[in-house]
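Readers should treat all values here as calculations from the given coordinates under stated rules, not as data from a laboratory. Here the structure is a predicted model, which means the values were calculated and not measured. As a convention, Cβ positions derive from the backbone with ideal geometry for all residues, glycine included, and neighbour counts pool all protein chains shown.
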Amino acid sequence: MSEGYVLKGNLLYSTSPEQMVSVPNGFLVCQEGKVAGAFPALPECYKNLPLVDYGDRLIIPGLVDLHLHAPQYAFRGIGMDMELLDWLETHVFPEEAKYKDLEYARKAYSIFASDLAASATTRACIFATIHRPATLLLMELLEETRGVKALVGKVNMDRNSPAFLCEESAQRSLEETALWIEQGRGRFQHVGMVLTPRFTPSCTAPLMKGLGRLQKETGLPVQSHLSENLSEIEWVRELCPGASSYGETYYQAGLLGGEGCPTIMAHCVHSSEQEMALLKKQGVYLALCAQSNTNLRSGIAPVRAYMEQGMNLGLGTDVAGGSSLSIFHAMVDAMQSSNLRWRLVDDSWKPLTVKEAFYLGTKGGGSFFGKVGSFEGGYAFDAVVLDDTGLPHPQPLTPEERLERMLYLSDDRQIYAKYLEGYQVFQKGNRTDALPQQN
Ligand code: GUN
Ligand code: FE
C-alpha cells in the first residue's frame with residue numbers, strides 16, 4: 001500500500017445535483033493527492049495510514065469559484081448602487097488602471113491572495129487586468145500561498161475603454177498576451193493561464209480573431225462575460241450587426257467552447273434560446289453569479305432552465321460585482337434569486353434546492369477542472385474541514401442540517417482546515433505535524 005493518510009469526521013459531498021452523500025463519523029482516505037474513498041468504516045488495507053481525527057467536525061470538498069476579478073477585491077462593497085456599464089466606468093476601470101503600478105498591485109494582490117487562501121475555495125478562475133507584469137505578479141502571489149489552484153487571465157481590451165485602460169491596438173494586445181504566455185506558461189505548479197477577452201464591447205473583431213488563433217495554438221482555456229445586462233446586450237447588437245446573438249460574437253472568433261477550447265462564460269442572465277442552444281452545443285461552462293446580478297441590477301439567470309437542459313454550470317462570486325469571496329454565500333444567493341424568479345417571473349421553473357446549490361459550488365463547477373469537487377474515488381483530494389462549535393444549537397442536528405447552516409451562517413471562523421490535492425494548506429488550533437505533506 002503506497003503512503004497516504006486518513007481524515008476522520010462527518011463527510012458530506014455531492015454525486016449529482018439531487019444526491020448528497022453523508023457519511024457520519026466517516027473515513028476519507030487520501031493517496032497521492034487523490035481521494036481513495038469515503039468509508040463508514042476504515043477498510044483493513046488503510047489501517048496503517050496516519051489518521052487525523054477531526055471529531056464531530058464536518059468535512060466537505062473544497063469550493064469552486066468559476067468567476068472573479070482579483071483587482072476588484074480592493075473596492076468590494078463599494079459602489080453597489082449602479083448598473084453594469086456605469087459601474088465599470090465609475091469604479092472598475094479607474095481601479096484596474098492602478099495595476100500598471102507594480103507597488104500598488106503587490107499591496108492589493110497580496111491581500112487578495114491571502115484572503116482567498118484562507119477561504120473555503122480551492123479552485124478559482126480569475127480575471128486580472130490588461131497589465132502583463134501585474135498579472136504575472138498575481139500568479140506568483142497565488143502560487144506562494146499555495147491556497148488554491150487557479151487559472152488567471154491577463155485581460156484584453158482594445159476599444160470602448162478609457163485611454164488609461166485601453167491597449168493601443170489589437171496587435172499590441174496580442175503581442176502582450178503572447179509574451180505573457182511565454183513568461184508564465186509552465187512556470188507555476190498551482191497557477192495556470194486562461195485567455196481573457198474582457199467582453200465583446202471592449203474587444204475589436206481583429207483582437208477576438210487573434211485570440212482565437214492563440215487559443216488554437218496554445219490550447220489554453222477561455223473566460224469572458226456574456227449576456228449579463230440588457231444595455232450591454234443592446235450595445236453588442238449595435239457593435240456586431242453580423243452576429244445573430246451576443247454568444248455568436250465569441251463563436252465567430254473560435255472563443256466559445258467546442259473541442260479543445262474549454263470555456264467559461266460568466267452571467268448569462270438574458271441568453272436567448274438560440275444562444276442557450278449554442279452554449280449547450282459548445283459545452284460552455286456558465287458561471288452563475290447571482291449576487292453580482294442583484295448588486296448590478298442585471299437580473300436573475302434562469303438556472304432551472306439551464307439545469308434541465310443539462311448545461312455545464314458552476315458558481316462565481318464575480319468579486320467585486322459580488323462583494324464576498326464566499327462560495328457558501330454564492331450558493332445562498334443562487335437559491336434566493338431562484339426563489340424570487342419563481343415567485344415573480346415564472347413559476348414553471350422550480351427554485352433551487354440546497355442540495356442543488358451545494359452541487360453547483362462543488363462538483364458542478366469543479367468538473368471544469370476534471371475530477372474535482374467530490375469525494376468519489378479518483379477525485380482530487382481538495383477538502384475543507386468546518387468547525388461549527390461557535391454556532392451552538394439546543395436541538396440535535398444532522399450533518400446535512402449543520403452543512404445547510406454553514407451556507408447561511410459561516411464566515412472564515414468556521415473554516416478549520418483546508419487541503420488541496422492532498423496538501424494541508426492550513427489547520428487552526430493544534431497543528432497536526434504527524435500529517436505527511438504530499439507533493
Ligand atoms: N463585463 C465586463 N467587465 C466586467 C466586470 O469587470 N464585471 C462584470 N460583472 N461584468 C463585466
Ligand atoms: Fe465578472
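Summary table
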{"read-out": "Antiparallel content of DSSP bridges confined to the chain, in %, to 5", "value": "45 percent"}
{"read-out": "Between helix 170-184 and the chain: long-axis angle, C-alpha atoms, 0 to 90°, nearest 10", "value": "30 degrees"}
{"read-out": "Gain upon complete extension [Thr398, Glu32; 0.36 nm per residue less C-alpha separation]", "value": "128.6 nm"}
{"read-out": "Members of Lys34/Lys355; Lys100/Lys209; Lys47/Lys428; Lys98/Lys418; Lys107/Lys154; Lys8/Lys428 lying beyond 22 Å, as alpha-carbon distances in this model show", "value": "Lys34/Lys355; Lys100/Lys209; Lys47/Lys428; Lys98/Lys418"}
{"read-out": "Amide H contacts under 5 Å for Val155, placed H, 5+ residues apart", "value": "Ala128, Thr129, Ile130, His131"}
{"read-out": "Full-stretch length increase - Glu273, Arg187 - with 0.36 nm per residue and alpha-carbon distance subtracted", "value": "26.8 nm"}
{"read-out": "Beta bridges by DSSP in the stretch 1-152, antiparallel share as percent, to the nearest 5", "value": "50 percent"}
{"read-out": "Of the trypsin sites (Lys or Arg not before Pro) in the stretch 322-423, those whose Cβ has at most 13 other Cβ within 10 Å and which sit in DSSP loop", "value": "none"}
{"read-out": "Whole-number percent relative contact order across the chain, with pairs defined as alpha carbons under 8 Å at least 6 apart", "value": "20 percent"}
{"read-out": "Between 0 and 90°, nearest 10: helix 327-344 axis offset from the chain longest Cα axis", "value": "70 degrees"}
{"read-out": "Cleavage-rule hits (GluC sites (Glu not before Pro)) in the stretch 1-61: DSSP loop, at most 10 neighbouring Cβ within 10 angstrom", "value": "Glu18"}
{"read-out": "Gyration tensor (alpha-carbon) shape descriptor, the stretch 229-308, a/c threshold 1.5", "value": "oblate"}
{"read-out": "Förster-model FRET efficiency, 45 Å R0, Ser231 and Thr15, C-beta, rounded to 0.05", "value": "0.65"}
{"read-out": "DSSP-assigned coil residues among trypsin sites (Lys or Arg not before Pro) in the stretch 39-104, each with at most 14 further Cβ atoms within 10 Å", "value": "Lys47"}
{"read-out": "Highest-fluctuation residue, Cys203, Cys289, Cys45 considered, GNM on the chain with Cα pairs under 10 Å", "value": "Cys45"}
{"read-out": "Cα gyration tensor, the stretch 77-204 - rounded (a/c under 1.5), prolate or oblate", "value": "oblate"}
{"read-out": "Theoretical gain in end-to-end length, Leu179 to Glu144 [0.36 nm per residue, Cα-Cα removed]", "value": "10.4 nm"}
{"read-out": "Rounded, prolate or oblate (a/c below 1.5 giving rounded, otherwise prolate when a/b exceeds b/c) for the stretch 312-365 by Cα gyration tensor", "value": "oblate"}
{"read-out": "In degrees, nearest ten, helix 230-239 long axis to first principal axis of the chain (Cα)", "value": "40 degrees"}
{"read-out": "Pairwise centroid distance, computed over Cα atoms, of the stretch 266-339 with the stretch 152-189, Å", "value": "26 Å"}
{"read-out": "Spin-label proximity, Asp86 to the stretch 286-316 - amide N less than 18 Å from point 7 Å beyond Cα toward beta carbon", "value": "292-299"}
{"read-out": "Reachable aspartates and glutamates from Lys149, criterion Cα separation under 18 angstrom, eight or more residues apart if same chain", "value": "Glu32, Asp65, Asp115, Glu140, Asp318, Asp382, Glu421"}
